[in-house]
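Trainee: Below is a structure I'd like to ask you about.
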Amino acid sequence: MATEFTVPGLEHHVEIVVDQWGIPHIRADSQHDVFFAQGFNIARDRLFQIDLWRKRGLGLMAADYGPGFLAQDRAARLFLYRGDMDAEWAAYGNPDAHAICAAFAAGINAFIALAANDSSLLSPEFAAMDIKPARWSAEDVVRIRSHALCRNVESEALRARVAAHADVDTDRVRRSIEPEWTVRIPEGFDPSDIPPDVLNVYRLATVQPDISPARLAARPRDAWCWTEVNASGELQLAAESEGSNNWVIAGSRTATGRPILASDPHRTYTMPSVRSVVHLTCPGMDVIGATEPPTPGVFIGHNDRMAFGLTIFPMDQEDLYVYETNPVDPDQYRYRGGWERMRVVQESVHVRGMPDQLVTLKFTRHGPVVHQDHARQRAFAVRSVWFEPGTSAYMGRLAYMAARSVSDFGEALRAWSAPTVNMIAADVSGRIGWFAVGKAPRRPNWDGLLPVPGDGRYEWNGFHGLEDLPRVIDPPRGFVATANEQNMPRDYPWQDRRLGFEWAEHSRSNRVHAVLDAQRRHTVTDSMALQCDVLSIPANRVGRLLGAIDHVSGDLTTAVRMLREWDHRLLADSAAAALFEIWWVKHLKPALVSGLTHDPGLRSLLSPGDNETLLAMLERADAAKLRALLPDTLEAAFAMCRELLGGDPSKWRWGHLHHGYFAHPLSRVASAPEIRDVGPLAIGGSGSTPMNTTYRATDFRATVGASFRVVMDVGDWDSARVINTPGQSGDPRSRHYDDMAPLWARGEYVPMVFSREAVDAAEAERIVLRPA
């Protein structure tokens, strides 16, 4: 029996068929109604998540959660899009962009209106915190930028601080540079100008809210104490480790003769998942796949003619500007020989438990002022593509969801601005393609690797057009695969365009390419196995150096034997995997970094060290001194394994340490029994394996990886497989809150059915929306 809701704002009735895995299949008779229903359904399933997302992004947290969130509200408001909204809507490549977002917001509001009269519709978080969901506008969907992935302002600041301690070349221990490039300090810039806290406000604006008992208990006089992102605490910003894998394989290399496309974006693990799977059907559109819950449409998935996926292609979209300020008036900064005044905006912030507070926001011509050093007469601002029209994360999807072919898809990517990505596509005619896309600034006289003076000498000169960015259609190799590595074609004029120099290590990419090169009849099952592959290239490379340990005895004998007999796969039930990861992360890498400098401040800046740089240092023929660190560090790692896992090495398991854990934002503060975390879940892998499960070294909890994975046989749509952990729902009362978590931990998938017949056969629930 269907559940029915009567809601104002619909044009016709809409059906939402929820399958047995919690995936909603929305069937509507108009574009307006399908996006209205998408908004309604995401509110039904994840209202607390999207309400928190909106309030964090717009700087409205303090109204619900008190003075401890006032500083974060101010920071978020600095990074809102404040430009022309007509230009914003026009930039997304779809004349209906505003109408789509308006319908989506109206659907959310329709559910909120129903819940106002029936509190049982609300998930338990609202009652637990005594808060109410807020109404949405179309503009709310796109104005928030600070949840997105952008780069490389944090790396610029760190590189400058390393240069102040040593030189710019030393920074390669922290972050490798590709292609090979000579980093030079820009004229007029002094690296010692960069203070350690220069980007505290930036980090506070972009980090997820940490709702802790202490923060909720903050008193009005404590409001501005909550301004730092603690690198070892719950506010840790993990974006540097985020990445993705994807590949698309031509039919000439598959068992079915059709292309296969796979995509598994890697993001910070959250509860609920940062992705939601949805199927949207209306006249002119039939598309299924992943979206971010607070936004309409689908950006990874397929329609009835083609499939598409993405990974990060790390172009540089940010710069840190340093200004000399007027000693008489610190709101003026030097620009082109004169003094230019900052734009000063004052806004009122509602704060729970105290009167409204007035906050001051300052902007230069380049962007928001994130720090001022009055003693040194310096100010610092971030310039980012976020302040350009059309750069709301992933919203370029509105131009390509209904594309009919790879060539149509490539043309639609003109509307894609952020984040910068490797787009892949395949259509039912058999064509495949790869496109690097995103809004990439032109920097005429610098490379973007260090901060620059804001006095007018270093200005962006527009953006590279789609024609300037690399692409490949129907490659002779028969497939394209990306894993955030440096993958610009050899003949690409990178020296002139300087898109970016900071890429992921090659471990994941090398493994993916090796597997695909060896497979001539690739299948969907093969792609699922590769997405969950845990072979560690660093383990393989370090393993080749075990011969340098020539005098062994005692525990060291056992340790060397375990690693020599090991196949370098970081399986959850592997003892050698636990030993290697503890050796590499807790002992060998720190010893390599420490051996480079006696300066504790510099060691802190360089840690944990760049895998590519450190591995290359170890492998050099003249690195005997570094390889001499192997026996002592391995023996120390073996002793640590005994402490952590017990005295019997045969019972050690990587999964006893390394685990997935999905923490509900309120689990530390809400007493409602339904509000709960999911985990721990024993898992394998690391940040260097195709199954990216980047973890924090303090407790081995996985922090970044693929919560969403999808594999599609292009044209045989019902054979697609997907996982979205911990589950499709954000409501702790739903069985779909965590039903996919154990499947994810085991590397399993569920069907992502598409045809009407397959959807109806998988139906578990039917919801009917009727117009009022």
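Trainee: Which shape class applies to segment 688-770: rounded if a/c is under 1.5, otherwise prolate when a/b exceeds b/c and oblate if not, where a ≥ b ≥ c are the square roots of the Cα gyration tensor eigenvalues?
Mentor: Oblate is the answer for segment 688-770, as a/c is 1.5 or above yet b/c matches or exceeds a/b.
Trainee: Quick check on packing: order 528-539, 344-355 by the mean number of other C-beta atoms within 10 Å, highest mean leading.
Mentor: So the peptides 528-539, 344-355, ranked by packing, come out 528-539, 344-355.
Trainee: Also, I was wondering about something else. Tell me the carbon and sulfur percent of the accessible area for segment 508-665, rounded to whole percent, probe radius 1.4 Å.
Mentor: Ligands and nucleic acids excluded, carbon and sulfur reach 51 percent.
Trainee: Roughly how many debye, to the nearest 20, is the charge dipole of the chain about its Cα centre, given +1 on each Lys and Arg Cβ, -1 on each Asp and Glu Cβ, and no other charges?
Mentor: 720
Trainee: Return the lysines within reach of Lys586: Cα separation strictly under 27 angstrom, same-chain partners fewer than 8 residues apart disregarded; answer none if there are no such residues.
Mentor: Those lysines meeting the cut-off are Lys625, Lys651.
Trainee: Just to make sure I understand: if all protein chains stay in place, what is the order of Trp247, Trp53 by accessible area at 1.4 Å, largest first?
Mentor: Trp53, Trp247
Trainee: Given a 1.4 Å probe and every protein chain left where it sits, what share in percent of the accessible area of segment 111-250 is carbon and sulfur?
Mentor: Result for segment 111-250: 48 percent of the exposed heavy-atom area is carbon or sulfur.
Trainee: With 22 Å as the cut-off, how large is the P(r) tail for segment 316-446, expressed as percent of Cα-Cα pairs?
Mentor: 57
Trainee: Determine the per residue accessible area of segment 461-617 with all protein chains present and a 1.4 angstrom probe, expressed in square angstrom.
Mentor: Heavy-atom SASA per residue in segment 461-617 reads 43 Å².
Trainee: If you don't mind, another one. Roughly what would the spin-label model give for Ala128 and Asp517, points 7 Å off Cα along C-beta, in nm?
Mentor: Here the answer is 5.0 nm between the modelled labels.
Trainee: Okay, moving on. If we sort 427-436, 116-125, 285-294 on the protection proxy, mean other Cβ atoms within 10 Å, highest first, what's the order?
Mentor: 285-294, 427-436, 116-125
Trainee: May I ask you to give the solvent-accessible area per residue for segment 624-772, in square angstrom, as obtained with a 1.4 angstrom probe?
Mentor: 37
Trainee: Hey, can you list the DSSP H helices of the chain whose Cα span along the axis is 30 Å or longer and whose average Kyte-Doolittle score is at least 0.5?
Mentor: Helices passing the filter in the chain: 97-117.
Trainee: Given the peptides 477-487, 558-568, arrange them by the average over their residues of other C-beta atoms within 10 Å, most packed first.
Mentor: Highest to lowest by the protection proxy: 477-487, 558-568.
Trainee: Among Ser688, Gly289, Ser667, whose Cα sits farthest toward the positive end of the charge dipole of the chain (+1 at Cβ of Lys/Arg, -1 at Cβ of Asp/Glu, about the Cα centre)?
Mentor: Most positive-ward Cα: Ser688.
Trainee: Let me ask something additional. On a C-alpha basis, how far is the centre of segment 362-441 from the centre of segment 706-749 in Å? Whole number, if you could?
Mentor: Cα centroid of segment 362-441 versus Cα centroid of segment 706-749: 27 Å apart.
Trainee: Given the rule -39500 (n - 2.57) for each run of at least 4 DSSP H residues, summed and divided by the residues of the chain, what is its mean residue ellipticity at 222 nm, to the nearest 500 deg cm²/dmol?
Mentor: After summing the helix terms and dividing by residue count, I get -7500 deg cm²/dmol.
Trainee: Just how far, in whole angstrom, is segment 490-518 from segment 611-661 if you go by their alpha carbon centroids?
Mentor: 28
Trainee: With point charges of +1 on the Cβ of Lys and Arg and -1 on the Cβ of Asp and Glu, referenced to the Cα centre of segment 638-721, which listed residue (Gly715, Leu657, Thr698) lies farthest in the positive direction of the dipole?
Mentor: Result: Thr698.
Trainee: Shape of the chain from its Cα gyration tensor (a ≥ b ≥ c, root eigenvalues): rounded if a/c is under 1.5, otherwise prolate when a/b > b/c, or oblate?
Mentor: rounded
Trainee: Please name which of Met85, Ala106, Tyr65 has its Cα lying farthest along the dipole of segment 62-141 towards the positive end, using unit charges on Cβ (Lys, Arg +1; Asp, Glu -1) and the Cα centre as origin.
Mentor: About the Cα centre, the residue reaching furthest to the positive side is Tyr65.
Trainee: Further, regarding this structure: Label segment 517-647 by shape, choosing from rounded, prolate and oblate, from the square roots a ≥ b ≥ c of the eigenvalues of the Cα gyration tensor; if a/c is under 1.5 it is rounded, and otherwise prolate applies when a/b is larger than b/c, oblate when it is not.
Mentor: Here segment 517-647 falls in the prolate category.
Trainee: Then there's this: With a 1.4 Å probe and all protein chains left in place, how much accessible area per residue does segment 219-354 have, in Å²?
Mentor: Result: 35 Å² of accessible area for each residue.
The values are calculated or read from the model by the stated rules, or taken from the named source; none is laboratory data. From a predicted model like this one, the values you see are computed outputs, not experimental measurements. Ideal geometry is used to build each Cβ from the backbone, glycine not excepted, and the neighbour counts take in all protein chains shown. Heads up: the accessible areas ignore ligands, DNA and RNA and are worked out on the full protein's heavy atoms, side chains in. Shrake-Rupley method; radii C 1.70, N 1.55, O 1.52, S 1.80 Å.
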